[in-house]
Amino acid sequence: MRKFIVRRKMKNIEIDKVTLKNTDQLRDIGIKTFEDTFGTQNSSAFMAEYLKKSFSKEKVSGEISDKNSEIYFAKINKKIVGYLKVNFDQSQTELKDRNALEIERIYVLKEFLGKKIGQALYKKAIDIANQKNLHYVWLGVWEENQRAIRFYEKNGFLKFDEHIFNLGGDKQTDILMKKDLIK
């Protein structure tokens with residue numbers, strides 16, 4: 001497989017495309033950030049089940065290999081501090097619209113929140129959508145995650161629907177939000 005790395009600087013934040021050689025690193029940051037974000041608000045049994053299923057080596061390597069998904073690390077001084085996963089076409093979790101990009105994940109390590117890393121990852125997602133001439137970007141966000149909801153509202157997203165998210169057997173409500181890119 002030919003190595004393909006996309007680099008972009010936003011202050012001291014580097015955005016690098018994830019490849020299969022980064023599978024373990026992606027698993028580590030995925031588990032850590034998900035636990036940081038949702039661990040205190042959910043039962044440990046549901047969390048453990050979700051993490052086991054969602055961050056298995058097979059699942060993560062499959063996501064990296066998916067031609068309709070892209071994953072990027074955010075790094076500061078070569079340390080991975082967050083990541084972004086976007087989906088296109090049939091790899092979208094819900095809408096599967098050829099004219100849309102789904103932001104499936106933007107996660108940042110707890111100690112790096114408030115340092116514009118989420119904003120850099122969000123900007124990368126919007127840049128990808130614009131390069132592909134897509135009409136809109138959408139995402140799902142847990143109704144209890146007020147910090148993320150405010151972040152997306154600040155960036156012009158509006159609620160358009162809801163869906164159920166299964167967290168290891170616990171059915172939770174996600175708010176679906178969308179931002180139009182075509183005026």
Could you please find all residues in segment 86-99 being aliphatic (A, V, I, L, M) and over 28 Å from residue 75 (Cβ atoms)? 95
If you take the residues in segment 91-135 that are surrounded by 18 or more Cβ atoms within 10 Å (Cβ to Cβ) and hydroxyl-bearing (Ser, Thr, Tyr), which one is farthest from residue 167 (Cα to Cα)? 122
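For (1) over 15 Å from the mean Cα position of the chain (by Cα); (2) not acidic (Asp, Glu), each residue gets a yes or a no:
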site: 70; (1), (2): no, no
site: 74; (1), (2): no, yes
site: 80; (1), (2): no, yes
site: 87; (1), (2): no, yes
site: 92; (1), (2): no, yes
site: 95; (1), (2): yes, yes
site: 98; (1), (2): yes, yes
site: 102; (1), (2): no, no
Would you call residue 178 out of contact with any helix residue (DSSP H, G or I) (no Cβ under 8 Å at 6 or more places or on another chain), part of a strand (DSSP E or B), more than 25 Å from residue 27 (Cα to Cα) and without any contact (Cβ under 8 Å) to a residue 40 or more places away in the chain? no
The lone exception for residue 55 - which of (1) open to solvent by 20 Å² or more (accessible area, probe 1.4 Å); (2) in contact with a helix residue (DSSP H, G or I) (Cβ under 7 Å, 6 or more places away or on another chain) it fails: (1)
Is there any pair linking a residue in segment 138-150 that is over 17 Å from residue 110 (Cα atoms) to one that is small (Gly, Ala, Ser), with Cβ under 6 Å and at least six apart or on different chains, and which? 138/100; 141/148
Just one of (1) modelled with pLDDT of 95 or more; (2) under 29 Å from residue 100 (Cβ atoms) trips up residue 36, so point out which. (1)
Return yes when residue 77 is open to solvent by less than 10 Å² (accessible area, probe 1.4 Å) and out of contact with any helix residue (DSSP H, G or I) (no Cβ under 7 Å at 6 or more places or on another chain) and no when it is not. no
Here the residues within segment 98-137 that are in contact with an Asp or Glu (Cβ under 6 Å, 6 or more places away or on another chain) and in contact (Cβ under 8 Å) with a residue 60 or more places away in the chain are 110
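The values are calculated or read from the model by the stated rules, or taken from the named source; none is laboratory data. For clarity, every value in this text was computed on a predicted model and none was experimentally measured. Glycine also receives a Cβ, built like all others from the backbone with ideal geometry; neighbour counts cover every protein chain displayed. Each accessible area value is taken on the protein alone, full model and side chains, heavy atoms only, with ligands, DNA and RNA left out. Shrake-Rupley method; radii C 1.70, N 1.55, O 1.52, S 1.80 Å.
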